[in-house]
1. Would you point out the residue of the stretch 35-73, among those that are of a type outside the set (A, V, I, L, M) and not in a helix (DSSP H, G or I), that is nearest to the chain's Cα centre (by Cα)?
2. Would you mind telling me which numbered condition in (1) crowded, with 17+ Cβ neighbours inside 10 Å; (2) closer than 25 Å to Thr405 by Cβ; (3) in contact (Cβ under 8 Å) with a residue 40 or more places away in the chain Gly249 fails?
3. Arg377 passes all but one of (1) surrounded by fewer than 17 Cβ atoms within 10 Å (Cβ to Cβ); (2) within 20 Å of the chain's Cα centre (by Cα); (3) assigned by TED's automatic domain parsing to the domain that holds His107; which number fails?
4. Are there any pairs with C-beta distances below 7 angstrom linking a residue in the stretch 325-337 that is under 9 Å from Leu177 (Cβ atoms) and part of a strand (DSSP E or B) to a residue that is at pLDDT 95 or above and polar (S, T, N, Q), with the two at least 6 apart or on different chains, and if so which?
5. What number of residues within the stretch 125-136 satisfy the criterion of being surrounded by fewer than 24 Cβ atoms within 10 Å (Cβ to Cβ) and in contact with a strand residue (DSSP E or B) (Cβ under 8 Å, 6 or more places away or on another chain)?
6. Take the residues in the stretch 103-134 that are outside any helix (DSSP H, G or I) and within 15 Å of Arg87 (Cβ to Cβ); name whichever of them is nearest to the chain's Cα centre (by Cα).
7. Just to be sure I understand the filter: pairs with C-beta atoms under 6 Å, separated by 6 or more residues or on different chains, first member in the stretch 265-278 and in the same structural domain as Ile187 (by TED's automatic domain parsing) and within 13 Å of Asn400 (Cβ to Cβ), second member among the hydrophobic types (A, V, I, L, M, F, W, C) and assigned to a loop (DSSP other than H, G, I, E, B). Which pairs pass?
8. I'd like the full set of residues that are charged (D, E, K, R) and under 21 Å from the mean Cα position of the chain (by Cα), limited to the stretch 324-370.
Amino acid sequence: MSNTTRRFFLGAATAAAASRVWGANDKINIGIVGLGGRGNNHLDTYPKIAGARVAALCDVNQAALETGNAKLVKATGEKAKEFGDMRALFADPGVEAVSIVTPNHWHALASIWAMKAGKDVYCEKPAAYNLHEGERFVQVARETKKIVQIGSQHRSTPFKMKGIEAIQQGAIGKVYLAKGLCFKRRISIGHKEDSPTPPGVNWDMFLGPAPRRPFNELRFKYNWHWFWDTGNGDIGNQGVHEMGIARWGLGDPAWPLSGVSTGGKYYVQDDQETPNTQMASFDYGGRELIFEVRGGLTGGEGAQVRGKGVAAPTTAPVIPMTGDLFYGSEGWASMSDQGCQIYKGEGSELVNEFRPTPGENTTQLHMENFLAALRVRDTKVLHDGIENAVFSAGLCHIANISYRTGHKLTLDNGPKFKNDVDANKLVSRPAYSKGFEV
């Protein structure tokens, strides 16, 4: 056992039993694990929250650590502790909660290690890399009684909260269909040969639970999303946000009865493994959730073609590129970051609209909700805790398993599949790298 690992488990043994209660004016010491694009957003946001202090930073890339700390000093005048191994950060008694902003394949394991070391967790979406890890994440959160918020900040966005409330209260009648859209332009990533690991990068730690393989630039910064070892394609990247909103509009149901997904990697020839075009459908018994990914050139969706003699809407519908559409017995609604519009009747008359507040930082609002839950030690305060968010991520995984096996899946009382050996093999990894098992 290494010194770092030994320190981690010694710290976990002493810290796991304690759950501090903070006063209204106390600052909560935060450790940020992962300083890529989204990690830098966390680094920019926490200093704006009166009740938070960034006390520690961790990344597998030394250059990212140095750049991040320089940014923090400029913003706050304080330098954070630096760690190259997240286990050492988790063992630090001066860190009270952590933000996990790693690639997807680390989300559950990093959070589990943190919770076992006594830390509360804000973890970026998706809630887990696969179905097995989602189950394990929930189990450990329950066992340790830690507060876990998943980074689906739409759940703390005021106009979206109002729009969903209106839909759930019958604004468009009984909702029979929710559709999530992820029409985000993705250009070719090209091809690159394996190369030596850059100085200052701990490639073994980056891979973590994933299989060992040589360093490749395309599998590192951001493009890890497009490889099955570390990512879930765009349905589990941008798409999981819209998937969560679609479930929200349906009242946050748990597992569907069945799911099916088709698509492919069209229009480009490059090293990407995940599909750039994908359609998924989930049957909830009497209602349906549909999801679509388009990475190529496309228009939006939402404007309805009307037959002769049918009145045009009084206001042109918003046509979202990433967002959600809800269809009910009395009307339909469109929701995107530009707003929420509710239409009723055969003529699609605009009857209500909810708009965003200019300059509103929705990530900050979501983090403030997380910190509020910490102060009262109550998961019910959370806008999207792990118990709910794991279902949204789970739909992305079901879609990808259907896509990869090439057939429709029937669920068996939770995230397993009836009489389906091939699909059940993809519920988890074939094997985890030693020392990084979930």
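The values are calculated or read from the model by the stated rules, or taken from the named source; none is laboratory data. Quick caveat: nothing in here was measured; it's all calculated off a predicted structure. Using ideal geometry, Cβ is built from the backbone for each residue, glycine included, and neighbour counts are taken over all protein chains shown.
1. Gly36
2. Evaluating Gly249 over (1) crowded, with 17+ Cβ neighbours inside 10 Å; (2) closer than 25 Å to Thr405 by Cβ; (3) in contact (Cβ under 8 Å) with a residue 40 or more places away in the chain leaves (2) as the failure.
3. (2)
4. Close Cβ pairs satisfying both conditions: Leu325/Ser334.
5. The qualifying residues number 0.
6. Val121
7. From the stretch 265-278, the pairs are Glu273/Phe227; Glu273/Trp228.
8. If the condition is that a residue be charged (D, E, K, R) and under 21 Å from the mean Cα position of the chain (by Cα), then Asp324, Asp337, Glu360, Glu368 are the ones that fit.
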